[in-house]
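Q: Below you will find the structure I want to go over with you.
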Amino acid sequence: MRQAVTGYRAASLAQELEGATRNLALAGIEVTVSPADRPVPAAAETLLAWSVREAATNVLRHSRARRCRVTLRADETCAEVEIVDDGRARRSTGDSALGTGNGLAGLAERVGAAGGRVEAGPLPGSGYRLLVRVPLEAGPETGTGSGAGSGVEAA
C-alpha cells in the first residue's frame, strides 16, 4: 500500500524546495538553500524531496526558528540533504531521536529501505539538524550509517 501511495504522490525536489522556502518565509523564517554542485540523481530525488517536506513541517511546527539552512550535496556514490535551523533545541521525549511523532520515523523507514541513513537531533545550545543520505546504488550503505529498518541515528 505504501509503495502505491508513494508512487502516486512522488515528490519533486524542486517543488518541495520551493514550497518549503515559501512556507518558511511566510512564517518569518529566513531560508537559505545551497544547491548541489551537480544534479541530484533521480534515484535519490524523491527521498530527498520527502526529507525537505518533513523537515520544513517540523521547523514550522516545533522550532520557533528565525533561520533555516538547506544544503544539498551529490557525488558519484550518494546524494544528501542537510536541514539545520536555529530554533529552540528539541529534546527527545520518546525512546529515540524521533520524539513522539511519526514523520521522521516514516522518513527513516523509506530511506532505510533504499539503503540510506537519517541522522536527526538537537544541536549544542539551540537548533536542530536533519541529515538524510541516500546511496546511488541499491542495498544497505556501508560504513557507519544505518541500514534498512534501523531508524534514525541521533546527531
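Q: Can you give the % of DSSP beta bridges in segment 11-81 that are antiparallel, to the nearest 5? Before the final figure, lay out each step's value.
A: Details: 3 of 8 bridges.
If I count the DSSP bridges inside segment 11-81, around 40 percent turn out antiparallel.
Q: I would also like to ask the following. Extension gain residue 123-residue 62, at 0.36 nm per residue separation less the Cα-Cα distance, in nm?
A: Working: separation 61, 0.36 × 61 = 21.96 nm, distance 1.44 nm.
In short, 20.5 nm is gained.
Read-outs throughout are calculated quantities, based only on the coordinates presented, and are distinct from any laboratory measurement. Here the structure is a predicted model, which is why all the values come from computation and not from measurement.
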